[in-house]
Structures are given as structure tokens and as C-alpha cells.
Amino acid sequence: MKIQRSASTVYNSQPCPRLLPWPLTGRLVVIALVSILTQGCETAGYYSQAVAGQLRILAAREPIDRVLAAPDTDEQLERQLRLVKSIRTYARDQLHLPVGRAYATYVQLDRAYPIWNVLAAPEFSLKARQWCYPIAGCASYRGYFHRDDALKKARQLTEEDYDVYLGPVPAYSTLGWFNDPVLSSFITWPADRLARLLFHELAHRRVYISGDTRFNESFATAVAELALPDWRRQRGLPGPASGGEAERRQLNQLLLQARKQLQLLYGRDMGDDSKRRQKANILARLRQCYGQMSASWPNPARYQTYIDKTNNATLALVEEYRSLVPAFRQLYLQSGGWEDFYRAVERLGGENKKARDARLQALGATYQLSNRKVTGPSFSSDTCMSAANTPLATGAN
């Protein structure tokens, strides 16, 4: 069913005639001015588009209660917005997350996605290119409110011999700086997926360590995964969560296997042409293995586009969103509830990077050891990807 709203609520790319109160516009403008004055022309252009894009979205916000009361609100939109309200209540009361006024408003976009992210990594490295921002610190992506701007940046990086990925982003967080709205780009998602997203984004408002993407994303992912089963039980939903959780885990394992193969390759002493050929073989094998793995899925093509575009840039980020999830799960098991868990995470985040990483590694190892399961025969990404390992094992060039 098509979601419809009145034209006055549509976010568009034209200058918005409505003005925001000074505390909102002022905060963004100060950040932008500091960045422009200290970093140069490209950065000035980047922050200009970021400020303009964010202000347009903030100006288009409409309180969810007002949308629900409007006579022209579509039934599906009404149902989904009521679901959002229940998720917010659960996150506040049960997860003790600082919900505040986050996701209490709605914005109808005039396009499918609000932002496009650009990721980059060197041709023979799995270390993602970093960009640093005021307040938020450094991150492994560059976000643009207009696809053409993102495409221009992607082309520039490609010309500099980076592996580049450009992809749409349906949702993002301003880390508590603003009251983020619900966007039309994700409001139609199934209940489990929508809850997982909001739990993840709200977790960033509770704990965020500047400059450590892997820590932040793994923590938020762990919060969402830990919360979802109980949220489902309270809604009276039987069985495990839907939305392909098992498929996502299989995909992640497959990507990690490809990453290990490439990491081994890039560490070898051989000519660039040989590395390129073997890199191409590994990525081709990845696509073949995905085809085998997904053949029995309800929607085998679900991640096909992503797999087709997989390169160093995407594989560099595989570990950032999931690699520390077992560690945070273990820390939660050792804690006395959500508040105790958050305090433990904050203490961990306050340690120096070396000590923090060592502690997380130990936590992850403990969790993996205590959660080993014996299962029946299934697709093995290890076995499938082993074919790509043959040239390296034999030392062939």
C-alpha cells in the first residue's frame, strides 16, 4: 500500500523556507565554520552540503502524534508509526536508553534514501580510509546528502587507485546532537528490522567513543541483538526473530573468510600484477560461494548487489560492525542488568586503546568458548573459500 502524506511534509532538495530555532542552526553552523577555517576548500564544500542537508531534514520534521491525527495519513504509515512509538517506549523503559525526543517525529523524503556513503581502502590493504569530523571523531566513511556529490568523491578516490564503494544509507544517527526523526526510507521495514535499527541507533546515544568505529558499531549491534528476543516475547511473538538473522550471520562468516584470504595475500612478497590476479580470483570465489550459500534462501538475491560490489573498502568494515559483538555479549552476561552493562562499557571505553582491545579480545574468547554449539551439516564458508586459498598455500604467483 502506498504511503501518502500532504505535500507540506515532503522533504525536497530546494532551500527550505522554514527556519529552525537558533540553538539548532547555531550548533551546526559553528561546527561547519570551525571545519572550514581549519581544513581547506574541499572540506568547506563538504561541510556546506552536510549542514544544508541536515537542516532541511530537521526543518521537515513533523511530530508523530500530529501525523497520526491527520485525516490524510495512510493506514500503513499509521500502523508503522504506532509501532515506532512502542519501540521507543520499550527502549526507554526496558533498555534504559536515553530516548528523549529521538524518533518522535517523522519526515517524508522525496527520494528513497537521505544519504549516500563513500567507503575507500587502498588496492592492496584492508585498512579503510579514515575521515575525521568535529565532535564525532574519525570514521571509515564519508556521507553525502546528494548522490551526485558522493559519486564525484567516489570517482576521485578511484582515480587515486583506491577500492571504492558507494552505497545508500536509509538511516543514520546524529549521536544525540539532534532529535533524529523517523524517515520514510525505513518506516516500511518489518517490525523486527525496525526495532533492531532503533535499538542500534539509540545505543549510540548512550555510549559513543570518539575515533573507535569498531567499538561503537559492535556495541550498538550487540545491544540490538540482546534486546530483540525479549522485545519479541513482550509483544507475544513466537519463535526466533524473523528477517533472516541466520542468513546475515552466514553472510558475515563468508565475508570474513574472504577478508582472511585477502589479508594473507596482501602480506606476501610478490608483484602487483600477481596480487591483482589472485585478488580477483578470491573475489570471484566469494561471489560463487554466495551463490551456493543463498540457493536455499527465500530470497537468494537479497545481498547480491552488495556481493557484486564487494572489495577492500567493504571488507575493511566487516569487522567494525560485528567483530566485537561476542565480547559485548559476554560483558552483558557478566553485568547485573542494562545500567550495569552500560557503565561497564563506559569504563572499557575510557581505557587506552591497547588495554581496551586486549580486554575485548579476552571477553570475546570467553564468549566463543562457552557458546560453542554442535550442529548438523550446513554450508561452510570455510570449506567453500578454501579453493581461493590454493595458490597461496602452494606459493604460486
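The values are calculated or read from the model by the stated rules, or taken from the named source; none is laboratory data. As the structure is a computational prediction, the values presented were derived from the model and not from experiment. Positions of Cβ are generated from backbone atoms using ideal geometry, with glycine treated the same way; all protein chains shown enter the neighbour counts.
So the check is Cβ under 8 Å with 6+ separation or different chains; which pairs have a first residue in region 140-151 that's at positive phi and a second one that's not aliphatic (A, V, I, L, M)?
none
What are the residues in region 99-116 that are touching an Asp or Glu at 6+ places or on another chain (Cβ under 7 Å), assigned to a loop (DSSP other than H, G, I, E, B) and either on the phi < 0 side of the Ramachandran plot or free of Cβ contacts under 8 Å to residues at least 60 places away in the same chain (or both), if any?
Matches in region 99-116: Ala102 only.
Every residue in region 282-300 that is of a type in the set (A, V, I, L, M) and either assigned to a helix (DSSP H, G or I) or closer than 12 Å to Leu251 by Cα (or both), please.
Residues satisfying the conditions are Ile282, Leu283, Ala284, Leu286, Met293.
Mind checking which residues of region 318-337 are surrounded by 21 or more Cβ atoms within 10 Å (Cβ to Cβ) and either in a loop (DSSP other than H, G, I, E, B) or at positive phi (or both)?
Within region 318-337, Leu324 is the sole residue that qualifies.
Give me the pairs: first residue in region 70-93 and farther than 24 Å from His204 by Cβ and not assigned by TED's automatic domain parsing to the domain that holds Trp338, second residue modelled with pLDDT under 95 and among the basic types (Lys, Arg), beta-carbon distance under 8 Å, and six or more apart or on different chains, which are they?
Listed pairs, sorted by first residue: Ala70/Arg5; Asp72/Arg5; Thr73/Arg5; Asp74/Lys2; Asp74/Arg5; Leu77/Arg5.
Given (1) crowded, with 22+ Cβ neighbours inside 10 Å; (2) in the same structural domain as Ser296 (by TED's automatic domain parsing); (3) in contact with a Lys or Arg (Cβ under 9 Å, 6 or more places away or on another chain), where does Leu256 come up short, assuming only one miss?
If we test Leu256 against (1) crowded, with 22+ Cβ neighbours inside 10 Å; (2) in the same structural domain as Ser296 (by TED's automatic domain parsing); (3) in contact with a Lys or Arg (Cβ under 9 Å, 6 or more places away or on another chain), just (1) comes out false.
Exactly one of (1) among the β-branched types (Val, Ile, Thr); (2) within 27 Å of Met293 (Cα to Cα); (3) free of Cβ contacts under 8 Å to residues at least 40 places away in the same chain is unmet by Val169. Its number?
Tallying (1) among the β-branched types (Val, Ile, Thr); (2) within 27 Å of Met293 (Cα to Cα); (3) free of Cβ contacts under 8 Å to residues at least 40 places away in the same chain, Val169 fails exactly one: (3).
Of the numbered conditions (1) at pLDDT 90 or above; (2) assigned by TED's automatic domain parsing to the domain that holds Tyr113, Leu228 satisfies every one except a single condition; which is it?
Failing condition for Leu228: (2).
When you go through Ala203, Ala150, Ala154 one by one, which is the residue that is aliphatic (A, V, I, L, M), crowded, with 19+ Cβ neighbours inside 10 Å and not assigned by TED's automatic domain parsing to the domain that holds Ser125?
Result: Ala203 is the single residue among Ala203, Ala150, Ala154 that is aliphatic (A, V, I, L, M), crowded, with 19+ Cβ neighbours inside 10 Å and not assigned by TED's automatic domain parsing to the domain that holds Ser125.
What is the number of the single condition among (1) modelled with pLDDT of 95 or more; (2) within 24 Å of Tyr303 (Cα to Cα); (3) in a helix (DSSP H, G or I) that Lys275 does not meet?
Single failed check for Lys275: (2).
Any idea which residue in region 172-200 is surrounded by the fewest Cβ atoms within 10 Å (Cβ to Cβ), counting only those that are in a helix (DSSP H, G or I) and free of Cβ contacts under 8 Å to residues at least 60 places away in the same chain?
Arg193
So which helices (runs of 4 or more DSSP H) are wholly in region 1-98 and hold at least 1 residues that are modelled with pLDDT of 50 or more and crowded, with 16+ Cβ neighbours inside 10 Å?
Once the helices (runs of 4 or more DSSP H) in region 1-98 are filtered for at least 1 residues that are modelled with pLDDT of 50 or more and crowded, with 16+ Cβ neighbours inside 10 Å, what remains is 41-59, 64-69, 75-93.
Only one residue in Phe199, Phe219, Phe186 is more than 21 Å from Arg343 (Cα to Cα), modelled with pLDDT of 95 or more and under 17 Å from the mean Cα position of the chain (by Cα). Which one?
Matching residue, one of Phe199, Phe219, Phe186: Phe186.
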